[in-house]
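*Asks:* Provided herewith is a single structure, encoded as structure tokens, for subsequent inquiry.
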2 protein chains.
Amino acid sequence: MTLLSEESIIESCIKMAEKGAGKVSPNPLVGCILIKNGEIIGKGFHKKAGSPHAEVNAINDAKSKGFNVKGADLYVNLEPCSHYGKTPPCTDLIIKSGIKNVFIGMQDPNPLVNGKGIDIMKRAKINVISNIKEKECIEINKIFVKNMKEKLPYVTLKIAQSLDGKIALKNYSSKWITGIHARQFVQGLRFRNDAILVGSNTIKKDNPELTYRGKKKKVLKRIILTRNPATFTEKYNVLSDEYSSETYFISTDISKSGYRKMLSELYSMEITSVLVEGGAFVFSKFIEYDLFDDIYFMIAPKIIGKGISYFENFEITNLNKSKNLRFEYSRKIGDDILLYYKKNK
Amino acid sequence: MTLLSEESIIESCIKMAEKGAGKVSPNPLVGCILIKNGEIIGKGFHKKAGSPHAEVNAINDAKSKGFNVKGADLYVNLEPCSHYGKTPPCTDLIIKSGIKNVFIGMQDPNPLVNGKGIDIMKRAKINVISNIKEKECIEINKIFVKNMKEKLPYVTLKIAQSLDGKIALKNYSSKWITGIHARQFVQGLRFRNDAILVGSNTIKKDNPELTYRGKKKKVLKRIILTRNPATFTEKYNVLSDEYSSETYFISTDISKSGYRKMLSELYSMEITSVLVEGGAFVFSKFIEYDLFDDIYFMIAPKIIGKGISYFENFEITNLNKSKNLRFEYSRKIGDDILLYYKKNK
């Protein structure tokens with residue numbers, strides 16, 4: 001008998017799964033715990049695309065410690081896979097290992113799995129309990145869920161602005177509005193995404209590096225929306241630095257269908273998540289067309305007055321038709337305030 | 001011997017003093033505690049302009065409970081007064097009562113007192129310790145401190161806006177951007193101020209009541225900046241409701257000196273604090289001219305696009321010259337976020 005609740009064990013799986021963030025793309029984040037006679041006998045998480053799944057790591061962990069996994073309970077935040085990918089199906093291993101009960105956080109939204117893993121295990125007389133802490137499980141795998149359901153990358157907007165909603169001075173004299181701590185936070189956002197996307201103006205005005213410069217290792221694709229790729233030369237960092245092969249110019253029709261097509265194209269490039277970092281026009285289009293999932297507003301303690309507003313493309317005539325967001329959390333970062341919202345679906 | 005620290009007792013004085021907020025104007029907020037042999041023997045705070053001071057209430061409280069205040073220690077967040085106002089000087093009473101030690105949070109910024117109270121008590125052989133928790137004491141009496149030092153009302157801006165810094169739709173079709181809980185919070189701000197100030201457009205577009213509608217009793221003066229008072233008729237609430245005698249039209253030159261003169265005029269009307277509630281032009285002028293003390297931003301989870309920006313009167317060419325604010329705190333209020341800043345001095 002275990003003293004821990006099913007919910008708290010799934011929460012521990014989620015925490016372990018989180019360690020793979022930024023590394024497992026295009027795979028989901030998964031953590032797995034094995035319990036036998038009230039004791040945790042094995043743990044594992046998915047560390048990197050192509051490497052063993054969490055369930056395999058947990059079972060191997062138990063075995064390496066000398067435990068017999070037969071009759072154990074397996075906890076995992078996502079339904080075990082039942083298909084051959086880069087690795088064999090986890091359901092086979094679970095059945096073969098003699099696992100007794102399987103506790104699952106959420107069904108796999110991957111149409112290749114989607115309940116099939118559960119069915120296969122049930123047919124093998126394993127007791128399966130599903131949808132434990134489902135909301136939390138969906139949240140950590142929000143990128144994977146969108147990928148599977150919509151075949152589109154997860155889109156996060158990062159908007160650094162003044163209190164009066166300006167993202168730059170009229171004369172573009174300042175590259176940064178927010179402080180150094182907020183910019184460090186952005187490095188963390190970059191780490192969790194496959195690509196950074198900006199408009200051509202951002203490259204021309206700011207000549208940014210658009211790289212991850214944190215402690216871990218990560219090379220991001222850099223997507224630049226432009227109708228004139230030829231105007232970009234090696235005088236820009238994104239074309240002259242060591243990652244220049246990861247810079248892609250995409251020519252996009254500025255209509256809603258053009259933007260949708262562009263996102264679909266990114267997904268076909270195996271980009272599962274994209275961080276949109278500007279500028280005004282690009283932010284505005286993603287918001288106007290409802291093509292974003294999350295927005296991080298980094299708000300500097302400044303009032304700028306006349307400046308570049310990021311969103312003046314359309315006029316709302318009725319407040320009920322304004323773009324409503326769902327507040328998630330706020331945090332003080334240095335002198336700035338982070339406000340994190342999701343699209344209100 | 002008391003087990004409580006001087007700091008914690010002054011903090012208790014501050015808490016008591018706070019109970020007078022919104023009621024003591026033009027007086028400061030004061031709380032007083034008497035301690036003898038380690039025991040609190042009397043407490044009092046200033047409840048209302050014209051009524052006895054905190055020290056008097058605390059000494060009377062002790063006496064009414066049968067204590068002899070001779071030899072007691074007196075704690076008070078503000079230096080006791082030494083001049084005749086609507087009531088006799090507290091220093092006389094303290095000396096007469098045989099108080100042994102006096103612990104003071106901050107010196108009275110009133111030029112009529114300003115250390116004189118301390119001097120008088122010291123000459124009477126009372127041991128006086130000052131500037132305990134001074135910063136906190138100054139903060140709760142920020143209105144009084146500004147009044148005394150600058151002979152101007154304390155100016156608080158309350159700006160309800162969308163995330164993209166818009167305070168209204170272009171067509172002004174919506175009176176409120178923020179939700180009901182944020183508007184209830186604004187009632188609390190109104191309670192703490194002597195007057196509400198708006199521009200003439202706000203009256204014409206929204207026809208607001210501009211009254212305090214909370215549980216306590218409070219009648220605010222309503223200041224409307226306009227060059228054409230004659231255009232306002234009884235069709236507007238501020239001229240037709242039961243408080244119409246508290247509505248004042250002020251014609252102000254829109255220059256910085258004009259705004260300064262206007263504030264000085266308000267102070268001469270015994271307005272010690274004013275809550276500026278809009279609209280765009282008035283906010284902009286107070287910010288541009290640095291004539292505010294605090295700003296409460298109430299940020300709705302909306303993006304409006306084209307709309308009324310509150311601050312486009314001037315252009316900053318260098319980010320170092322932007323209006324920098326000092327963050328104080330944030331709070332979620334219903335679906336909205338409150339961000340509270342002070343002017344960065």
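Each value in this text was obtained by applying a stated rule to the coordinates, not by laboratory testing. Just so it is clear, the structure is predicted and the values come from calculations on it, not from any experiment. Cβ placement follows ideal geometry from the backbone for every residue including glycine, while neighbour counts extend to all protein chains displayed.
*Asks:* In this model, which of A:133/A:215; A:285/B:342; A:142/A:285 are farther than 27 Å apart at the alpha-carbon?
*Replies:* Details: A:133/A:215 32 Å; A:285/B:342 34 Å; A:142/A:285 22 Å.
Correct reply: A:133/A:215; A:285/B:342.
*Asks:* Shortest first, in nm, what separates the label point of residue B:230 from those of the same position in the other copies (7 Å along Cα→Cβ)?
*Replies:* Its label point is 6.7 nm from the equivalent points in the other copies.
*Asks:* Please report the residue of chain B with the smallest beta-carbon distance to the B-to-A rotation axis, and give that distance in Å, no decimals.
*Replies:* Nearest Cβ to the rotation axis, residue and whole-Å distance: B:165, 1.
*Asks:* Residue B:129's amide H: which non-local residues (gap 5+, or another chain) put their own amide H closer than 5 Å, with H modeled 1.01 Å from N in plane and none for Pro or chain starts?
*Replies:* Amide H neighbours of residue B:129: B:102, B:103, B:104.
*Asks:* While we're looking at this one, here's another question. Out of all DSSP beta bridges with both ends in chain B, state the antiparallel percent to the nearest 5.
*Replies:* On the way: 27 of 58 bridges.
Close to 45 percent.
*Asks:* Add -39500 (n - 2.57) for each DSSP H run of 4 or more in the protein assembly as shown, then divide by its residues: what number comes out at 222 nm, to the nearest 500 deg cm²/dmol? Provide the component values of the computation, followed by the final result.
*Replies:* Working: 22 runs with 200 residues, N = 690.
Estimated from H runs of four or more residues: -8000 deg cm²/dmol.
*Asks:* Restricting the calculation to Cα positions, tell me the Rg (one decimal) and the Dmax (whole number) of chain A in Å.
*Replies:* Just the Cα atoms of chain A yield Rg and Dmax of 22.6, 69 Å.
*Asks:* Dipole size in debye (nearest 20) for the protein assembly as shown around its Cα centre, Lys and Arg Cβ +1, Asp and Glu Cβ -1?
*Replies:* On the way: 110 positive and 74 negative charges, 26 e Å.
Roughly 120 debye, rounded to the nearest 20.
*Asks:* Considering only DSSP states other than H, G, I, E and B, which chymotrypsin sites (Phe, Trp or Tyr not before Pro) in the stretch B:37-140 qualify as loop sites with at most 15 other Cβ atoms within 10 Å?
*Replies:* On the way: sites: B:45, B:67, B:75, B:84, B:103; in loops: B:67, B:84.
Taking the stretch B:37-140 and a limit of 15 other Cβ atoms within 10 Å, the loop chymotrypsin sites (Phe, Trp or Tyr not before Pro) found are B:84.
*Asks:* Just A:139, A:270, A:234 to compare: in a GNM of chain A, with alpha carbon springs under 10 Å, which one fluctuates most?
*Replies:* A:234
*Asks:* What is the Cα coordinate range of the stretch B:134-262 on the first, second and third principal axes, sorted by size from largest, in whole angstrom?
*Replies:* In descending order, the Cα extents are 48, 34, 33 Å.
*Asks:* Counting only C-alpha contacts under 8 Å and six or more residues apart, can you give the relative contact order of the stretch B:1-117 as a whole percent? Intermediate values should be presented prior to the final figure.
*Replies:* Working: 243 pairs, mean separation 25.5, N = 117.
This gives 22 percent for the stretch B:1-117.
*Asks:* So if I take the alpha carbon set of the stretch B:210-345, get Rg, then get Rh from the Kirkwood formula, what is the Rg over Rh ratio?
*Replies:* Values: Rg = 16.9 Å, Rh = 17.4 Å.
Here the Rg-to-Rh quotient is 0.97.
*Asks:* Now a separate question. Averaged over its residues, how many other protein chain Cβ atoms are within 10 Å of peptide A:324-330's Cβ atoms?
*Replies:* Details: counts 5, 7, 2, 8, 0, 1, 6.
Counting other chains' Cβ atoms within 10 Å and averaging over A:324-330 gives 4.
*Asks:* Something else: Which residue, chosen from B:201, B:254, B:107, occupies the Cα position most advanced towards the positive end of the dipole of the protein assembly as shown, where the dipole is computed from +1 (Lys, Arg) and -1 (Asp, Glu) charges on Cβ about the Cα centre?
*Replies:* Ranked along the dipole, the leading option is B:107.
*Asks:* Further question on the same structure: Excluding residues fewer than 8 places away in the same chain, name every one of the lysines whose C-alpha is closer than 18 Å to that of residue B:216.
*Replies:* By straight Cα distance, residue B:216 reaches B:19, B:23, B:47, B:48.
*Asks:* For chain B, what is the relative contact order in percent, using Cα pairs closer than 8 Å and at least 6 residues apart in sequence? Could the numbers behind the result be given before it?
*Replies:* Working: 701 pairs, mean separation 51.9, N = 345.
Dividing the mean separation by the residue count of chain B yields 15 percent.
*Asks:* Using θ = phi - 60° and the Karplus curve 6.51 cos²θ - 1.76 cosθ + 1.60, what whole-Hz ³J(HN,Hα) does each residue of the stretch A:320-331 get, with Gly and Pro shown as x?
*Replies:* Those phi angles translate into 5, 9, 5, 6, 9, 10, 10, 5, 10, 6, 10, 8 Hz.
*Asks:* Give me a single rounded figure for B:158-170: the average over its residues of other chain Cβ atoms within 10 Å of their Cβ. Present the calculation step by step, with values, prior to reporting the outcome.
*Replies:* Values: counts 0, 3, 0, 3, 7, 13, 16, 13, 7, 1, 1, 7, 3.
Shielding by partners across B:158-170 averages 6.
*Asks:* Report the Cα centroid-to-centroid distance between the stretch A:160-207 and the stretch B:280-302 in angstrom, as an integer.
*Replies:* 24
*Asks:* Distances in nm, one decimal, shortest first, from residue B:315 to the same residue in every other copy, taking the label point 7 angstrom along Cα→Cβ.
*Replies:* With the label placed 7 Å along Cα→Cβ, residue B:315 yields 2.3 nm.
*Asks:* Based on Cβ point charges of +1 for Lys and Arg and -1 for Asp and Glu, what charge dipole magnitude is obtained for the stretch A:23-139 about its Cα centre, in debye rounded to the nearest 20? Please list the in-between numbers first.
*Replies:* On the way: 17 positive and 11 negative charges, 74 e Å.
Taking the Cα centre of the stretch A:23-139 as origin, the dipole is about 360 debye.
*Asks:* With the label 7 angstrom out along Cα to Cβ, how close does residue A:115 come to the same site in each of the other copies, in nm, nearest first?
*Replies:* 8.3
*Asks:* In addition: For chain B, set up a Gaussian network in which alpha carbons nearer than 10 Å are linked by springs, and say which option among B:34, B:112, B:319 fluctuates the most.
*Replies:* It is B:319.
*Asks:* Taking the Cα centre of chain A as origin, work out the dipole magnitude from +1 charges on Lys and Arg Cβ and -1 charges on Asp and Glu Cβ, in debye rounded to 20.
*Replies:* On the way: 55 positive and 37 negative charges, 61 e Å.
Charge dipole, chain A, about its Cα centre: 300 debye, nearest 20.
*Asks:* Further, regarding this structure: Output the pairs from A:86/A:135; B:170/B:217; A:43/A:261; A:70/A:146 with a Cα-Cα distance over 32 Å in this structure; if there are none, say none.
*Replies:* Working: A:86/A:135 28 Å; B:170/B:217 36 Å; A:43/A:261 41 Å; A:70/A:146 35 Å.
Long pairs (Cα-Cα over 32 Å): B:170/B:217; A:43/A:261; A:70/A:146.
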